[in-house]
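J.: Input: one structure, supplied below.
The values are calculated or read from the model by the stated rules, or taken from the named source; none is laboratory data. Since this is a predicted model, take the numbers as computed values, not measurements. Cβ sites come from the backbone with ideal geometry, for glycine too, and all protein chains shown count toward neighbours.
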Amino acid sequence: MLLLLIPAVAIAVLLGVNLGWQWVLAPLLAAVLLRWSIASLRVLVTDAKHLEGEAGGPAPVGADERTLFWCEECGTEVLLLIRGTSRAPSHCGQRMHERTEIRN
Ligand SMILES: [Zn+2]
């Protein structure tokens, strides 16, 4: 990697001095932006795969228990009727806490 970097820097300096630094900085900026956007998309894809891998589809919550999600930040409580995934929903920018009550 370092052996490739030395001639690349030499070519970049040569281009920058002779043609102007915009010919060096613009492609460099484009490469950084491209790598960043591809990395962001990869995160989205792996997140979706994680959801796909879970067994079974949406399942109704059993009648003998009651599952609530509560938000630590604002105190909102949400009653779960059908469980789609095992992940807790988000509120106020963070995951909600799960609380399961057994009904008598
Ligand atoms: Zn909240």
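J.: Could you tell me which of the residues Ala12, Ala31 is small (Gly, Ala, Ser) and at pLDDT 90 or above?
T.: Ala31
J.: Could I ask something else about it? Filter the range 82-104 for residues that are part of a loop (DSSP other than H, G, I, E, B) and in contact with a strand residue (DSSP E or B) (Cβ under 7 Å, 6 or more places away or on another chain); which is farthest from Gly57 (Cα to Cα)?
T.: Among them, the one singled out is Arg103.
J.: Follow-up question, since we're still on this one. How many of the residues in the range 57-79 are away from the ligand (no atom under 16 Å from the Cβ) and not in a loop (DSSP other than H, G, I, E, B)?
T.: Summing the residues that are away from the ligand (no atom under 16 Å from the Cβ) and not in a loop (DSSP other than H, G, I, E, B) in the range 57-79 gives 5.
J.: Considering every residue within the range 42-58, establish whether at least one is touching a strand residue (DSSP E or B) at 6+ places or on another chain (Cβ under 9 Å) and modelled with pLDDT under 90.
T.: Yes: the range 42-58 contains one or more residues that are touching a strand residue (DSSP E or B) at 6+ places or on another chain (Cβ under 9 Å) and modelled with pLDDT under 90.
J.: If you don't mind, there's one more thing I want to ask. Going through the range 80-101 one residue at a time, which ones are exposed (fewer than 11 other Cβ atoms within 10 Å of the Cβ) and within 10 Å of the ligand (Cβ to nearest atom)?
T.: Gly93 - this is the single residue of the range 80-101 that is exposed (fewer than 11 other Cβ atoms within 10 Å of the Cβ) and within 10 Å of the ligand (Cβ to nearest atom).
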